[in-house]
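Peer 1: For reference, the structure I am asking about is given below.
FYI, it's all coordinate maths here, none of it is from the lab. Just so you know, these numbers come straight off a predicted model, no measurement behind them. With ideal geometry, Cβ positions are generated from the backbone for all residues, glycine too; neighbour counts draw on all protein chains shown.
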Amino acid sequence: MNGRPIIWAFAIAAVTFALRRTLARLEDGEPIFPKLSSFRRLWAGGLSSTTGKEAQELIVTIRLCSGGMGDKEERGRITALEHQLSAAIDNSSAGEFDGDEYGGGTCTMYMYGPSAERLLAVTWPILREFDAPSGSYVIKRCGSSDEDEHRIPLDG
């Protein structure tokens, strides 16, 4: 008896199960890779080791009014915001816009550079103009300890 059909059936069942689980997490607004932000932090530290300075970061968290992953209109507004932030950071040479992460009713954006103060100065006018929903905030991280972290509300 040939065992290939049985092996293929198990492989297809495993892939189907994994895809269903991933789709269910996305529908519930959960991130697929919840610990991705820790990899980003390691990556930023690796970037800074070439310059001899510790990389600092600005993390912007926008609460999504429609929950989960947000609706199409909300994601479109946030994408436009990301383009503005990225352009401002690039034009000022303040660092780099690294990307975003959707899930759990929020969108979190990551920016890195030699000075979190400089990143905030460049991005703050754009963020204030965005009119973020209540509960949105910025975290300015100037070092590796909790004392070097400041949370700034974006609403009001």
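Peer 1: List every residue whose amide H lies under 5 Å from the amide H of T106, counting only residues 5 or more places away in sequence or on a different chain, with H placed 1.01 Å from N in the peptide plane.
Peer 2: Amide H to amide H, under 5 Å and 5 or more residues apart or across chains, T106 pairs with L64.
Peer 1: Taking other Cβ within 10 Å of each residue's Cβ, how do D131, D90, D100 sort, fewest first? Please report the intermediate quantities before stating the final value.
Peer 2: Details: D131 10, D90 13, D100 16.
So the residues, fewest neighbours to most, are D131, D90, D100.
Peer 1: Right, here's the next one. Given R₀ = 25 Å, FRET efficiency for E73-L23 by Cβ-Cβ distance, to 0.05? Don't skip to the end; give the middle numbers.
Peer 2: Numbers: r = 22 Å, r/R0 = 0.89.
That gives a FRET efficiency of 0.65.
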